[in-house]
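The values are calculated or read from the model by the stated rules, or taken from the named source; none is laboratory data. Note that this is a predicted model, so its numbers are computed, not measured. A quick note on method: Cβ atoms are made from the backbone with ideal geometry, for glycine too, and the neighbour counts reach across all protein chains shown.
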Amino acid sequence: MTLKPSDEKQLSEAIAAAKGPLRIVGNGTRDVLCDGDMLSTAAMSGISLYDPGALTIVAAAGTPLAEIEAALKAQGQRLPFEPMDHRGLLGTTGAPTIGGVVAANISGPRRVQAGACRDSLIGVRFVDGRGEVLKNGGRVMKNVTGYDLVKLMAGAHGTLGVISEVAFKVLPDVETSACVVLHGLSDGGAVAAMAAALGSSFEVSGAAHDRTRTMLRIEGFSASVAYRAERLQGLLAEFGEAEILQDSVKIWREVRDVAPFHEAVGDVWRISVKPSDAPQLVAGLGANAVLFDWGGGLIWALMPLGADVRAKMGTVCGHATLVRGTGFARFQPESEPLATISAGLRAQFDPRYILNTGLMG
Amino acid sequence: MEMPIPDAEILAKKAQIVVRLQSVLPKGAVISDEAETKAYECDALSAYRCPPLCAVLPSNTEEVSAVLKICHEMGVPVVPRGSGTSLAGGALPTADSVILGVSKMSDVLETDYNNRFIRVQSGRTNLSVTGAVEEEGFFYAPDPSSQLACAIAGNIAMNSGGAHCLKYGVTTNNLLGVVMVLMDGTVIEVGGAHLDAGGLDLLGLICGSEGQLGVVTEATLKILPKPEGARPVLIGFDSNEVAGECVSDIIKAGVLPVAIEFMDRPCIEATEAFAHPGYPDCEALLIVEVEGSDAEIDAQLKVIMGIAARHNPVELRESKSEEESAKIWLGRKSAFGAMGQINDYMCLDGTIPVSELPYVLKRIGEMSKEYGLGVGNVFHAGDGNMHPLILYDANKLGDLEKCEAFGADVLRLCVEVGGCLTGEHGVGIEKRDLMYDQFTAADLEAQLRVKDVFDPKWLLNPAKVFPLDATAERRASQ
């Protein structure tokens with residue numbers, strides 16, 4: 001059975017009336033593997049407020065991401081965190097929704113400069129596991145009134161409540177961008193070069209390494225971008241001769257969506273670590289392919305089917321998520337006492353344990 | 001401001017409590033003498049005072065854990081305290097509470113420029129975090145006005161902002177990890193040098209929880225490379241409305257200044273008399289600052305000044321030197337002090353949608369007349385975070401109450417136009433009883449349930465943030 005409420009009231013009624021587990025999705029492009037009746041937010045759609053002068057937008061959870069991005073683009077603005085599109089990697093279809101982006105706290109290459117989805121999220125409305133309609137945050141970008149449940153809902157993957165509405169702080173779009181590219185660096189050299197770039201004052205908004213090219217993105221007004229790209233090229237001279245690409249939109253879309261892994265066979269893992277830990281971790285991983293983003297802080301690893309990445313992390317701090325594949329928990333199990341706290345929060349928000357049961361623990 | 005009646009049983013046990021605390025802390029780290037506990041009777045919201053049962057000043061996470069374990073066992077409420085600069089009464093004690101001050105814990109534990117973070121003990125002051133990394137060309141972005149004195153612990157508790165958060169965000173956007181001690185003494189580590197939690201975003205929940213979920217003892221903070229340069233422009237207008245429109249137009253134009261600060265006539269006059277920054281004689285004034293190389297700054301200021309010129313400014317002053325920049329900022333930074341010279345004041349902190357600025361300023365002006373109390377406005381206009389300063393006379397009977405009522409009306413107005421009660425100072429005791437104006441009972445209950453998970457006995461900073469009647473049952477069950 002599929003439930004498709006068209007407003008918050010229906011959503012609340014559907015959850016209150018549920019007799020068993022619910023599998024919460026937007027349009028299902030990000031593969032929520034849980035048992036239970038499907039509950040989709042896709043019919044709750046539309047931008048309810050967009051105030052370009054205040055850099056804020058509010059929309060129902062089922063609003064297609066593309067609709068939001070188009071509305072922002074028309075006013076010369078954008079979502080800062082560059083959300084990834086999972087369809088190519090997971091072989092899914094349909095229109096990704098803004099609610100799904102928030103529920104999974106989806107961020108792309110610009111996360112390293114502009115923060116994650118949760119950093120731009122300023123308000124949520126949601127329905128908890130009791131069917132109670134709740135709100136937190138609002139439509140203003142500075143708000144410390146009460147506990148920040150906005151952050152908690154971002155990345156909770158629907159396990160604490162089903163998001164019905166989201167509000168974002170947005171940013172001006174940029175006039176142009178450039179990409180400074182180094183060739184043939186080792187993983188260690190690439191992470192060092194990216195650290196030098198990210199530690200400079202040139203406001204690097206993307207730092208990725210695909211083991212052939214090391215790519216650094218600069219964005220802004222055209223005169224400024226030209227100046228920064230050239231200065232960055234000079235700064236990185238010790239790592240080799242860098243070329244400057246004027247058009248790199250496609251390159252960054254491919255990094256964002258992990259395009260090199262789309263057609264490849266194997267499990268796909270997403271590993272978050274301290275950037276300087278990345279080269280050594282990758283050396284012992286036995287991956288078929290890797291892509292470094294966030295200056296090395298995010299490792300995309302294409303692994304042989306069934307390989308256990310978590311077992312290879314050893315003492316390295318961070319976490320590994322199984323994005324494509326089976327045989328392991330999707331999310332890194334939390335250690336005590338955090339697991340107890342998380343379970344306690346789940347019991348408070350979803351006492352019947354019906355929302356995406358078992359997805360996060 | 002109503003506070004819970006102190007628990008007579010706890011007051012009677014003071015000697016036992018002090019002895020037990022002394023047994024786990026170094027000599028001198030427990031302050032129980034009545035003459036000395038007075039030093040902890042209030043924070044920067046000094047209209048409300050109450051000395052605590054005693055104060056403890058632990059030096060590390062283990063000592064904090066030992067203290068909390070004892071208080072948990074004996075059922076004694078604990079009020080965590082950073083540097084005591086809260087403007088919301090976040091560190092106000094009750095007579096039956098132990099103040100847990102983190103001021104002795106101020107060490108830098110690790111700096112890592114390659115991975116761009118610093119790990120510090122939470123009692124370290126905000127400005128000295130930047131102080132520890134600026135020689136290498138880095139800084140810590142959140143810059144509350146009290147940054148010389150305020151502690152990172154308090155910044156995390158209140159999710160503090162500052163003048164530059166339009167570009168850099170607030171504390172929660174710059175916090176990577178914490179070590180925190182729960183009320184029962186359990187030490188937890190959340191986040192770290194890597195980005196984004198694997199599980200639920202507990203870090204995001206902890207930041208801004210006003211010391212009610214645990215005591216943060218260590219923090220991993222993001223550090224950023226310093227921009228090549230920064231320069232402000234000062235723009236004077238003959239009405240608040242026009243200044244408000246100009247803010248909106250600057251934002252819409254696609255430039256992202258690091259700061260857009262707003263002052264109205266009462267504040268301009270007070271700061272001019274106090275600090276002589278050479279401000280123009282006008283109704284409203286904006287300070288807009290941009291960053292980058294010299295050429296980049298020139299280009300951005302050209303756009304901003306073009307927009308300003310369309311709004312018929314009475315003054316348009318671009319800084320030409322470091323000295324001129326400092327002078328432009330001098331007035332803004334001394335605004336609170338200047339208002340304090342005129343009278344006692346209460347500083348509000350509501351946020352509104354930027355587009356509502358002109359209307360809200362007009363309404364505040366009208367209310368000022370109705371209440372017969374003066375008000376000055378100085379605030380972060382780019383993000384709509386207002387700071388009306390209501391002037392009153394603490395020695396005049398009934399003036400404080402009148403001021404509180406005026407303040408409450410202003411905050412309700414902020415909520416009414418789509419904003420919130422507090423943008424960066426926190427709820428504390430000050431806005432506690434207004435929470436029903438922003439939230440439904442169910443919204444608040446959801447937040448109380450979060451505290452139930454972290455602090456089931458409701459001993460940590462229990463009389464803050466939520467209306468007392470909403471928490472009465474939980475506090476009584478301790």
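Worth pointing out:
- Residue within the range A:223-242 that is touching a Pro at 6+ places or on another chain (Cβ under 7 Å), in a loop (DSSP other than H, G, I, E, B) and not assigned by TED's automatic domain parsing to the domain that holds A:ILE68 present: no
- Any hit, the range A:87-106, residues being assigned to a loop (DSSP other than H, G, I, E, B), more than 21 Å from the chain's Cα centre (by Cα) and more than 23 Å from A:ARG139 (Cβ to Cβ): no
- Counting only strands (runs of 3 or more DSSP E) that sit completely within the range A:19-68, those holding 1 or more residues that are in contact (Cβ under 8 Å) with a residue 40 or more places away in the chain and farther than 25 Å from A:THR357 by Cβ correspond to A:47-51, A:56-60.
- Scanning the range B:424-465 for residues that are within 19 Å of the chain's Cα centre (by Cα), in a loop (DSSP other than H, G, I, E, B) and either free of Cβ contacts under 8 Å to residues at least 24 places away in the same chain or facing chain A (nearest Cβ under 9 Å) (or both) yields B:GLU424, B:HIS425, B:GLY426, B:VAL427, B:LYS431, B:VAL465.
- Long-range neighbours under 7 Å by Cβ, at least six apart or interchain, first residue under 8 Å from B:GLY185 (Cβ atoms) within the range B:51-72, second part of a helix (DSSP H, G or I): B:ALA66/B:VAL24
- Top-ranked residue of the range A:96-125 - restricted to ones that are more than 30 Å from B:PRO225 (Cα to Cα) and touching a helix residue (DSSP H, G or I) at 6+ places or on another chain (Cβ under 6 Å), ranked as surrounded by the fewest Cβ atoms within 10 Å (Cβ to Cβ): A:PRO96
- Residues (in contact (Cβ under 8 Å) with a residue 40 or more places away in the chain and basic (Lys, Arg)) located in the range B:359-383: B:LYS362, B:ARG363
- Residue match in the range B:106-118 (condition: crowded, with 20+ Cβ neighbours inside 10 Å, part of a loop (DSSP other than H, G, I, E, B) and either without any contact (Cβ under 8 Å) to a residue 12 or more places away in the chain or in the same structural domain as B:SER209 (by TED's automatic domain parsing) (or both)): yes
- Residue in the range A:322-332 that is of a type outside the set (Val, Ile, Thr), modelled with pLDDT of 95 or more and not in a loop (DSSP other than H, G, I, E, B) present: yes
- Subset of the range B:190-220 (residues that are out of contact with any Gly (no Cβ under 8 Å at 6 or more places or on another chain), more than 7 Å from every other protein chain (Cβ to nearest Cβ) and either modelled with pLDDT under 95 or under 15 Å from B:SER122 (Cα atoms) (or both)): B:GLY214, B:VAL215, B:VAL216, B:THR217, B:GLU218
- Among residues of the range A:147-176 that are at the interface with another protein chain (Cβ under 8 Å from one of its Cβ atoms), those with a beta-carbon under 8 Å from a residue that is assigned to a strand (DSSP E or B) and of a type in the set (S, T, N, Q) at least six positions away or on a different chain give the pairs A:TYR147/A:ASN136; A:ASP148/A:ASN136; A:LEU149/A:ASN136; A:VAL150/A:ASN136; A:LEU171/A:GLN77; A:PRO172/A:GLN77; A:ASP173/A:GLN77.
- The residues of the range A:90-146 that are at the interface with another protein chain (Cβ under 9 Å from one of its Cβ atoms), of a type in the set (Val, Ile, Thr) and over 30 Å from A:GLY266 (Cα atoms), listed by number, are A:VAL133, A:VAL140, A:VAL144, A:THR145.
- Filtering the range B:120-132 for residues that are under 30 Å from A:ILE271 (Cα atoms), within 14 Å of chain A (Cβ to nearest Cβ), surrounded by 20 or more Cβ atoms within 10 Å (Cβ to Cβ) and not hydroxyl-bearing (Ser, Thr, Tyr) leaves an empty set.
Each row is one residue, and each column tells you yes or no for (1) closer than 30 Å to A:PRO96 by Cβ; (2) among the small types (Gly, Ala, Ser); (3) more than 13 Å from chain B (Cβ to nearest Cβ).
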| position | (1), (2), (3) |
| --- | --- |
| A:ALA207 | yes, yes, no |
| A:MET215 | yes, no, yes |
| A:GLU238 | no, no, yes |
| A:ILE251 | yes, no, yes |
| A:ARG256 | yes, no, yes |
| A:PRO275 | yes, no, no |
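- Taken as a whole, the condition of being without any contact (Cβ under 8 Å) to a residue 60 or more places away in the chain and β-branched (Val, Ile, Thr) does not apply to B:ILE10.
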